[in-house]
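Single-structure report; data block below.
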Amino acid sequence: MADDNKPKKTKIDLKARLGKTTMTGVAGAAVPLPAPGPSSPGSGPPSDNPAQAPAASPSGRPSAPGGGGIAPPPGISPGIPLPPFAQQRAAAAQPAPKPTAVQQTIKVEVGEEIEQERKKASKRTALFAAMTAVIGIAIGFGIGGAKARQDRGKKAVDDAGVLEKDVKAANEKMRDLGQKLNGAATELGGKTFPKTFAQELGALNIPFEATNLAGKQIGTLPPNTVKRLFDYTQAVASVNSTKDSLRNLLGIAQAPVEKAWKEEKEPVFNFSVVFRRDGDKMLAELVPNKEPFPLGKDWPEKFKITRLERTQQGAKAVEKEATRWTKGDLVASDPIAIPIDPPTVAAFTSEQIVSRLAKEMRDLRNTLDGNNDDPTAGPGLVKQGDDLVNELHKIALAR
């Protein structure tokens, strides 16, 4: 029958195949796995000479096939693959052959050349980066410098417009001062004291000084304009100082000048001279009369004077009664005085004050308007200011 011709399946003892059990009477001997061989249907039975069991390897793994392995049991095809967990040990990899001395030399030389090329490339890269940075900085500075110069130029033009207005305002004040000076000089020449002039000078100030230049971009203006600005600033400061000195002098001079002018019509003796001996020498002293007496009336025989006497504490003004000299000795126990002609002392008192006032006002007018009597003198400060205004106006038009 067909079923009788089919080979019967034999149960496989995996434990015996894997060497997990020991054979009877043989301790520690594991049954080796069958080695796969050529498979053909109806292969013959195993060899009559049974193979001896190989000795167990130190790792307990079966020996590699090809060295006379055990044939598979009857009915099992030798082409059945081994289970995954029974893979054969891979053959040990053969070590790579050592390079020869020539190869090592070439490798070292090539490596040094590559390293040198890498260093050169790194240096070139760093140099290019530095050059790029420098060029970038230079371009940045160039652009930034051009922008800064443009900003300074624009500010200089704007500041020129501001300074134009400031100089123009200062010139207007100087013209006003010049008119007041002319009026005061006219009054003084007519022997009328300008009483309100001192107050007017105190209220008038030329509004231009160094602070007007502070913060202004004048460095980019034309050099001639810059010089004129500085000269104008110094000249205005001098005018303000002279104006203040004149105002103080007017306050001091008013009373004696008005008194002197009054006494020109009705002269009085304000001073006398007394004599004293100093050893074998004769000295005269100028002393003020405490109560001046008129020239055109009777002269008193006795009058009081104020005389300086030397003490241990220094000179001291002492009031003395003097006798007016008529004849005889000039020195006596009491002072003997001779009145002094009023016009002769006026030059040292009121007339001197008036002359000083007139000179101060004349010099100030010459500073403002120029000295027409001196052909070598330059233009006045007002004219200089007008020229400066014109220059600043031209610069300001560039906006």
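The values are calculated or read from the model by the stated rules, or taken from the named source; none is laboratory data. These numbers were taken from a predicted model, which means no experiment stands behind them. Glycine also receives a Cβ, built like all others from the backbone with ideal geometry; neighbour counts cover every protein chain displayed.
Just a few scattered comments:
- Contact map, the range 359-372: first residue among the basic types (Lys, Arg), second residue buried (at least 16 other Cβ atoms within 10 Å of the Cβ), Cβ cut-off under 7 Å, separation 6 or more or different chains; pairs are Arg365/Gly178; Arg365/Leu181.
- Residues (out of contact with any strand residue (DSSP E or B) (no Cβ under 8 Å at 6 or more places or on another chain), of a type in the set (A, V, I, L, M, F, W, C) and either surrounded by 16 or more Cβ atoms within 10 Å (Cβ to Cβ) or at pLDDT 90 or above (or both)) located in the range 332-357: Ala346, Ile353, Val354, Leu357
- Phe208 vs. criteria of a type outside the set (Val, Ile, Thr) and not in a loop (DSSP other than H, G, I, E, B): no
- Here Asp373 fulfils each of the conditions (1) farther than 25 Å from Gly183 by Cα; (2) surrounded by fewer than 13 Cβ atoms within 10 Å (Cβ to Cβ); (3) not hydroxyl-bearing (Ser, Thr, Tyr) apart from (1).
- Of all residues in the range 189-203, at least one satisfies being outside any loop (DSSP other than H, G, I, E, B), modelled with pLDDT under 90 and either surrounded by 14 or more Cβ atoms within 10 Å (Cβ to Cβ) or touching a helix residue (DSSP H, G or I) at 6+ places or on another chain (Cβ under 8 Å) (or both).
- Identity of the residue in the range 221-239, out of contact with any Ser or Thr (no Cβ under 9 Å at 6 or more places or on another chain) and surrounded by 16 or more Cβ atoms within 10 Å (Cβ to Cβ), that ends up farthest from Glu164 (Cα to Cα): Val236
- Matching residues, the range 322-369, being in a loop (DSSP other than H, G, I, E, B) and in contact with a helix residue (DSSP H, G or I) (Cβ under 7 Å, 6 or more places away or on another chain): Thr349
- In this structure, Leu308 does not satisfy being touching a helix residue (DSSP H, G or I) at 6+ places or on another chain (Cβ under 6 Å) and either in a helix (DSSP H, G or I) or modelled with pLDDT of 85 or more (or both).
- Residue in the range 293-311 that is of a type outside the set (A, V, I, L, M, F, W, C), out of contact with any Asp or Glu (no Cβ under 7 Å at 6 or more places or on another chain), surrounded by 12 or more Cβ atoms within 10 Å (Cβ to Cβ) and within 23 Å of Glu264 (Cβ to Cβ) present: yes
- Taken over the range 376-390, the residue count meeting the criterion of being assigned to a helix (DSSP H, G or I), surrounded by fewer than 17 Cβ atoms within 10 Å (Cβ to Cβ) and among the polar types (S, T, N, Q) is 1.
- When each of Arg247, Arg277 is tested for being more than 30 Å from Lys180 (Cα to Cα) and out of contact with any Lys or Arg (no Cβ under 6 Å at 6 or more places or on another chain), the lone residue that passes is Arg277.
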